[in-house]
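S.K.: Following this message is one structure expressed as structure tokens.
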Amino acid sequence: MSGRPLPRQLPRIDRAAGRSARSGSGRSGRAGFGWARFVALLSATAVLGLVAGAFVAAYATYEGRQARGYARGPVLATSGEQPLALHSRYWDSFRGRQFSVVVIAPLTGSAPLPPGVRSWPRPGEVLLSPALADAPEAEDFRGRWGTVAGLIGAAGLASPGERIAYVRPTQEMLSTSSLTPITGFGSSTGAGFGDPKNVAPRWMILTAMASLLFFPAVAFAVLAARVGAAGRDRRDARLRMLGAGFRARVRLDRGEAIPSVLAGAGLAAALSAVALTTDVRLPWIDYTLAAADLRRDAAALFGAIAATVPAMLLLACGRHPAVGHRRASARRRVVPVVRLRTAAAIAFPLFVLLAFASRHLFDGFQSSSVAYLACAAGAWTTLPAVTGWLTGRIGRRATAAARRSGDLSQLIAARTAAARPGAVVRLTAALVFAIAVVGQGQLIGSMLSSRSGTAAQLHSAEGRSMALVQASPRALLDGAFVAALPEGAHVVSQGELPDAASGGPGARVIQAPCPDLTALGLPCPAEGQTVTIAHRDLDTRFRHLNFSPDGSTPTLVRTGPLAKLAADGTLWTTVFDSPDHPLDLAAVKRAAHLHLSTKANVRPLAEAGGSSFENGYRARWAPFLGAIGALVLLGAMLLVATSEFVEFAAALAPLVVLTGHTRIYRDLASWMLGMPLALAGVVGVTGYVVIAQPVVDAEHGARVSFALVLAALAGSAALAALATWAGARAAARHSRTWRPRAR
């Protein structure tokens with residue numbers, strides 16, 4: 001019987017498929033679908049829908065943030081135009097993270113308000129974003145620039161969690177800095193401050209999401225579509241022998257898959273809807289998604305989730321290997337699969353070689369980075385085939401050894417493992433991909449972290465014991481600044497003496513009252529005299545904060561009041577305490593902003609050399625996305641392992657009757673479950689180390705984490721032991737209830 005089924009049979013097949021999907025009853029339902037497959041397809045669809053929605057959310061977030069950044073960008077007054085306000089900005093920091101402080105002063109009563117501001121604050125008042133207003137009191141944001149007059153509205157924030165302040169200086173402080181005349185707001189050229197400047201570029205986030213989220217979600221979907229594959233293959237072979245054509249079998253698969261796929265898409269839509277109603281703060285990342293941005297693109301968001309339904313149905317209903325009733329037919333189906341696995345195993349080293357050559361084949365850091373990530377993704381995709389190939393080779397060698405020794409249980413186990421490379425690939429792919437995602441996340445994070453400051457130094461007493469204060473030549477310099485410094489703080493001024501010949505900067509000089517010089521370990525020369533100090537004899541902190549630590553230019557030390565010693569008149573001072581006593585940096589910043597210049601810059605020792613911790617916070621995205629991707633893959637592995645356990649237990653029960661002993665449980669579980677997982681851990685870790693080599697250099701700054709290597713090996717060994725124990729136990733329990741039956 002090889003023809004098409006009768007038309008009246010098709011509705012009957014659809015109805016039977018629906019009942020099988022809902023209840024799992026019936027022989028075909030137990031073999032082809034069941035609750036394991038229902039949960040697998042539901043979970044995979046939900047994950048794929050959430051990841052698709054995440055891409056839409058990322059795009060909408062960037063668009064909304066850019067639009068609000070343009071809306072608050074100042075429009076500079078051109079020649080001949082009447083300026084309506086004065087505007088400027090500078091960077092401040094919160095726990096190493098930069099944020100913008102906008103200095104603004106209206107010149108007329110008709111001056112336009114910045115977005116998010118209802119009314120102009122009075123001179124000496126400040127408007128804070130909610131994130132700054134809710135910061136710890138120790139940071140003193142409510143007193144750092146003046147009296148808080150209110151909060152900045154959502155229209156003036158690039159993102160809900162943005163830290164930004166609008167400061168209106170007093171008339172006295174207005175003259176201490178240069179401000180730019182403007183006529184209004186709404187310029188793209190002046191929008192480069194705040195979060196639009198701090199967050200990672202769009203291409204970087206989307207590339208990380210593609211490699212660390214989309215790749216695991218697709219792997220999950222492919223693996224979920226093959227849960228219960230053996231039972232479906234047997235059922236399809238029976239249906240084919242009964243005359244069911246390809247369309248009938250597809251309709252049966254579709255009837256089974258539709259309930260679970262629709263349930264998964266509905267779950268993804270319900271979870272995504274939460275982000276449309278309230279701002280969502282991402283844990284550990286310290287970034288808040290704006291619900292307004294997602295609502296604006298809600299149609300695209302739910303459209304992306306809906307698009308996963310046909311994609312999952314295509315995977316679930318796609319043709320898969322089935323045992324035919326003719327030898328030639330079976331051979332035609334099996335040979336391409338074997339060739340595909342062999343091609344994948346051969347492609348792995350080619351992808352690795354391309355990853356090594358990506359730097360030379362593509363010019364530019366961005367192009368070479370994207371090319372490297374693409375080659376790395378190709379290498380990780382083909383690596384499970386290497387695991388299956390190795391398992392097959394080991395199984396064949398173990399079969400020969402078992403034949404020589406006469407060990408029946410080892411012979412059956414080894415031959416089964418060698419004959420089922422597809423099951424090995426399905427079982428190990430998720431573990432290999434999980435190691436890949438975590439490993440690539442760690443590499444990307446280490447590349448960004450290498451360009452950031454040291455977190456340990458940021459929070460250490462020494463890192464907060466000294467700060468460099470810089471102000472414009474217009475800065476006030478009287479006793480008010482020193483009087484406002486925290487108790488116990490010392491201050492010295494430094495700069496360069498003008499060169500008499502060229503008029504430019506000359507010798508370096510430090511000048512301060514004698515008690516402050518002594519606190520810095522410097523001598524106090526008599527009035528009108530100087531003492532020359534070798535660069536190496538200066539305080540290490542002072543050298544690191546002000547000058548190059550390996551510089552050779554000597555420094556002149558003079559006793560005297562604080563002064564503007566730079567050749568251009570800029571004020572440079574260093575406020576410090578003993579290395580084991582951190583400064584009250586909030587008080588230092590308040591003193592500088594209120595008594596030196598409204599745009600005074602204060603940089604602690606931990607942030608010396610212009611070190612920004614923004615790259616360190618950007619680096620968190622990689623392990624954050626990698627952890628989510630790894631959880632997705634581990635969930636896939638759990639579903640696949642559960643399916644393999646069921647198949648394993650069902651196939652093993654009759655063998656106990658034939659062999660007469662139970663040792664085969666442990667041997668088969670070790671070969672079919674434990675050994676592939678342990679081997680996958682070794683292969684995955686080896687792949688992580690090898691694929692990392694092209695970026696482990698001074699240019700990229702990536703580092704291989706040996707802690708991750710040890711954790712991956714230990715975790716793989718633990719999973720292998722657990723799978724062996726659980727598989728043997730499940731087979732033993734199933735064999736006690738197994739009874740032969742006619743088919």
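The values are calculated or read from the model by the stated rules, or taken from the named source; none is laboratory data. Bear in mind that the values here come from a model prediction, so they are computed numbers and not experimental data. In this analysis, Cβ positions are derived from the backbone assuming ideal geometry, glycine residues included, and neighbour counts consider all displayed protein chains.
S.K.: Being surrounded by 23 or more Cβ atoms within 10 Å (Cβ to Cβ) and not hydrophobic (A, V, I, L, M, F, W, C) is the filter here, so list the residues in segment 156-175 that pass it.
M.R.: Result: Gly156, Ser159, Glu162, Arg163, Tyr166, Arg168, Pro169.
S.K.: Something else about it: Restricting to segment 176-191, and then to whatever is within 24 Å of Pro473 (Cβ to Cβ) and surrounded by fewer than 16 Cβ atoms within 10 Å (Cβ to Cβ), can you tell me which residue is modelled with the highest pLDDT?
M.R.: Across segment 176-191, the extreme among qualifying residues is Thr180.
S.K.: Would you check if Ser25 is surrounded by fewer than 22 Cβ atoms within 10 Å (Cβ to Cβ), at pLDDT below 90, in contact with a helix residue (DSSP H, G or I) (Cβ under 8 Å, 6 or more places away or on another chain) and not in a helix (DSSP H, G or I)?
M.R.: So Ser25 fits the description; yes.
S.K.: Then there is this: Which is at pLDDT 85 or above, out of contact with any His (no Cβ under 8 Å at 6 or more places or on another chain), over 30 Å from Glu614 (Cα atoms) and not aromatic (Phe, Trp, Tyr), of Ala328, Ala299, Ala292, Ala244?
M.R.: Among Ala328, Ala299, Ala292, Ala244, only Ala299 is at pLDDT 85 or above, out of contact with any His (no Cβ under 8 Å at 6 or more places or on another chain), over 30 Å from Glu614 (Cα atoms) and not aromatic (Phe, Trp, Tyr).
S.K.: Give me a count of the residues in segment 473-509 that are within 14 Å of Arg558 (Cβ to Cβ) and modelled with pLDDT under 95.
M.R.: So the count comes out to 8.
Yes/no matrix, rows are residues, columns are (1) in a helix (DSSP H, G or I); (2) within 30 Å of Arg474 (Cβ to Cβ); (3) out of contact with any helix residue (DSSP H, G or I) (no Cβ under 8 Å at 6 or more places or on another chain); (4) outside the structural domain of Pro136 (by TED's automatic domain parsing):
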| residue | (1), (2), (3), (4) |
| --- | --- |
| Phe542 | yes, yes, yes, yes |
| Thr553 | no, yes, no, yes |
| Lys564 | no, yes, yes, yes |
| Ala567 | no, yes, yes, yes |
| Thr574 | no, yes, no, yes |
| Pro579 | no, no, no, yes |
| Pro582 | no, no, no, yes |
| Ala586 | yes, yes, no, yes |
| Lys589 | yes, yes, yes, yes |
